[in-house]
1. Can you confirm whether V159 is hydrophobic (A, V, I, L, M, F, W, C) and touching a Pro at 6+ places or on another chain (Cβ under 9 Å)?
2. For region 30-74, enumerate the residues that are in a loop (DSSP other than H, G, I, E, B), of a type in the set (D, E, K, R) and modelled with pLDDT of 85 or more.
3. Read through the list (1) surrounded by 15 or more Cβ atoms within 10 Å (Cβ to Cβ); (2) over 29 Å from the mean Cα position of the chain (by Cα); (3) modelled with pLDDT under 90, then give the number of the only condition that C221 fails.
4. Within region 126-163, track down each residue that is more than 27 Å from C252 (Cα to Cα) and touching a Leu at 6+ places or on another chain (Cβ under 6 Å).
5. If a residue has to be surrounded by fewer than 17 Cβ atoms within 10 Å (Cβ to Cβ) and closer than 26 Å to D127 by Cα to count, how many in region 144-168 make the cut?
6. Identify, by number, the condition in (1) among the basic types (K, R); (2) surrounded by fewer than 16 Cβ atoms within 10 Å (Cβ to Cβ); (3) in contact (Cβ under 8 Å) with a residue 12 or more places away in the chain that K256 doesn't meet.
7. May I ask you to list the residues in region 59-69 that are surrounded by 14 or more Cβ atoms within 10 Å (Cβ to Cβ) and more than 18 Å from E112 (Cα to Cα)?
Amino acid sequence: MSCASCSINGSGNPKGCKNNGTCGTDSCNKLTVFDWLSNMQSPQESSTFNIVEVRFKNSRKSFYSLPEQMKVAVGDSVITMVENGYDLGLVTLTGELVRFQMKKKKISLDSEMVTKILRKANQEEIDKWHSLRHKEPEVQKRARELAISLRLEMKISDVEYQADGKKATFYYTADSRVDFRQLIKDMAKAFSIRIEMRQIGLREEASRLGGIGSCGRELCCSTWLTDYRSVSTSAARYQQLSLNPHKLAGQCGKLKCCLNYELDAYRTALKNFPKKEVKLETEKGIGVFQKMDIFKEYLWYAYKGEWINWYRLPLDAVLEIIQKNKNNENVSSLEQYADNPSTLSDKELELNFENVVGQDSLNRFDHTQRQKHKKRRHKRNRN
């Protein structure tokens, strides 16, 4: 779902979004929510819900109450009341779905967090807000230079101007506590505005800046993920992943949030599997666990002292051997239950490949060239 400015022009080239995140459909923004209750009204109330959700730069959202007899739609620019000034935001949600969002975030209707919307923004205020947004990269660069000159161990990752231009919030990350009192004085002198410093975590920094993950898609934290649950290395162990920090770490430097997505499915599947420490006792030797395929329900065992030869056993066969060991029944060998490819018939091992692309030879294009050269030689000999 996209707005008209994201389509192509008459020549077929993409236009690109010229609204810089302020399009009316709100489909190009971060943490977009589809209002599936926009045309519905609560049967208990005669009037529509008078609280709306307003989005500011990146993923910062808040709830605001509407003045009497004021109607807004998704994508409208509104002026909100803040301390010592005003700010400009975009309406992202209206109606009954706002009530659900407030209940999800545990915000009551009479909370102090719910402030008022003053009015709709006029074109002059919108133009001023756009000019401040274009000014932010230069201010961020200058602020980083000031922090480096003071030898502060911090990274200024983002800057957000207030719509009235009287205040700017600097978001930074740091490993330890930073004394930035002198930095605030230098920045206030350089930019002639009120300065607010706000420390954020590495995951929140990645969500604000955005990027492309190793999967090739946009980062989850910058598109739809709002709650950052703790991720441990045990999630990788459950999923039989290599404990390589470079592969498990995301753009923020922490463990990837997607390690938790399929964790419940793996835990449910592992309930039927025996523990890795359980050994299979046979007359030929003791079988030691090597690896497993959780969803195909296969386990690989090797005799103690003969680590080269692995035997693939179905899960039912392993459970049967364990039960026989508990009942003190004899088990001849692992080969009796093995399902190795070496024990399969030739018909089962026969693999039929179909050349659907036609790339069966690397020098398939050379034959035509040779034939052309031969025809040319024949023509020359005739002449």
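1. yes
2. Within region 30-74, the subset in a loop (DSSP other than H, G, I, E, B) is 30-50, 56-60, 66-74.
Those still in the list that are of a type in the set (D, E, K, R) too: 30, 35, 45, 57, 60, 68, 71.
If the condition is that a residue be in a loop (DSSP other than H, G, I, E, B), of a type in the set (D, E, K, R) and modelled with pLDDT of 85 or more, then K71 is the only one that fits.
3. (2)
4. Once the filter is applied, which keeps residues that are more than 27 Å from C252 (Cα to Cα) and touching a Leu at 6+ places or on another chain (Cβ under 6 Å), region 126-163 yields W129, A163.
5. 2
6. Failing condition for K256: (2).
7. S59
Residues are listed down the side, and each one gets a yes or a no for (1) at pLDDT 90 or above; (2) part of a loop (DSSP other than H, G, I, E, B):
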position: T80; (1), (2): yes, no
position: G89; (1), (2): yes, no
position: V98; (1), (2): no, no
position: Q101; (1), (2): no, no
position: K106; (1), (2): no, yes
position: L109; (1), (2): no, yes
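The values are calculated or read from the model by the stated rules, or taken from the named source; none is laboratory data. Keep in mind that what you see is a predicted model, and the values were worked out from it rather than measured. Virtual Cβ from ideal backbone geometry, glycine too; neighbours counted across all protein chains shown.
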